[in-house]
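Inspection log for the structure reproduced underneath, given as structure tokens.
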Amino acid sequence: MSPESRGFRASNRHATRIGSRSRHRSGSGRQLAPGARVASICTGSFVHAAAGLLHNRRATTLGKSANAFRRLYPDIDLDPGVLYTHDGEVLTVAGVASGIDLCPYMIRCDHGASVANEALRNGFGPVARRAATAYRATFR
């Protein structure tokens, strides 16, 4: 199912709800079903904000989109200097590559450090970066 058929459309490099009067406000704070959680990668945090899932929460997004995010959603505690955030049942990731860092973190939350470490050894790679790691790439 396409985003357009679900009532969303691409606009100004983020998604907005079609026909919504408050498309640039994060709403009053939408609740998820008990036990559910959601995660967004990169500028997917704009979609979560538009849906009201980030209201009065801490979040991150792609660094070069941070100013636009702050203008549109001033009630959200944006931290573009971290790889990912975890605020209650909502997780956000700074960039696409940071999504790889989020996966073992979620495994650790659900199944413990030993299972997460096993997943790292068998598929993700040798190192898991912590959320507070700055998101930047440097080539030499």
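The values are calculated or read from the model by the stated rules, or taken from the named source; none is laboratory data. Model, not experiment: these values are computed from the prediction. Here the Cβ positions follow ideal geometry from the backbone for every residue, glycine too, while neighbour counts run over all protein chains shown.
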Problem - Leading residue by the ranking (farthest from the chain's Cα centre (by Cα)) among those in segment 69-86 that are surrounded by fewer than 16 Cβ atoms within 10 Å (Cβ to Cβ) and outside any loop (DSSP other than H, G, I, E, B) - result: 71
Handout entry: Complete set of residues in segment 87-105 that are closer than 22 Å to residue 33 by Cα and either within 9 Å of the chain's Cα centre (by Cα) or aliphatic (A, V, I, L, M) (or both)
Key = 90, 91, 92, 93, 102
Problem - Test set (1) touching a Phe, Trp or Tyr at 6+ places or on another chain (Cβ under 6 Å); (2) free of Cβ contacts under 8 Å to residues at least 24 places away in the same chain - residue 67 fails condition number - result: (1)
Practice task
Working only within segment 39-52, note down all residues that are more than 15 Å from residue 81 (Cβ to Cβ) and part of a helix (DSSP H, G or I).
Solution key: 44, 46, 47, 48, 49, 50
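Only residues that are in a loop (DSSP other than H, G, I, E, B) and buried (at least 16 other Cβ atoms within 10 Å of the Cβ): list them for segment 53-68, please.
Our first condition is that a residue be in a loop (DSSP other than H, G, I, E, B); within segment 53-68, this holds for 53-57, 60-62.
Within segment 53-68, 53, 54, 55, 57, 60, 61, 62 qualify.
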Handout entry: Hits in segment 95-112 - residues which are modelled with pLDDT under 90 and of a type in the set (Gly, Ala, Ser)
Key = 95, 97, 98, 99
Completion exercise
With the first residue restricted to segment 105-134 and required to be under 17 Å from residue 95 (Cα atoms), and the second required to be among the small types (Gly, Ala, Ser) and at pLDDT below 80, Cβ contacts under 9 Å at 6 or more apart or on different chains are 105/128; 105/131
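For (1) at pLDDT 90 or above; (2) aromatic (Phe, Trp, Tyr); (3) in contact with a Gly (Cβ under 8 Å, 6 or more places away or on another chain), each residue gets a yes or a no:
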site: 3; (1), (2), (3): no, no, no
site: 8; (1), (2), (3): no, yes, no
site: 73; (1), (2), (3): yes, yes, no
site: 93; (1), (2), (3): yes, no, yes
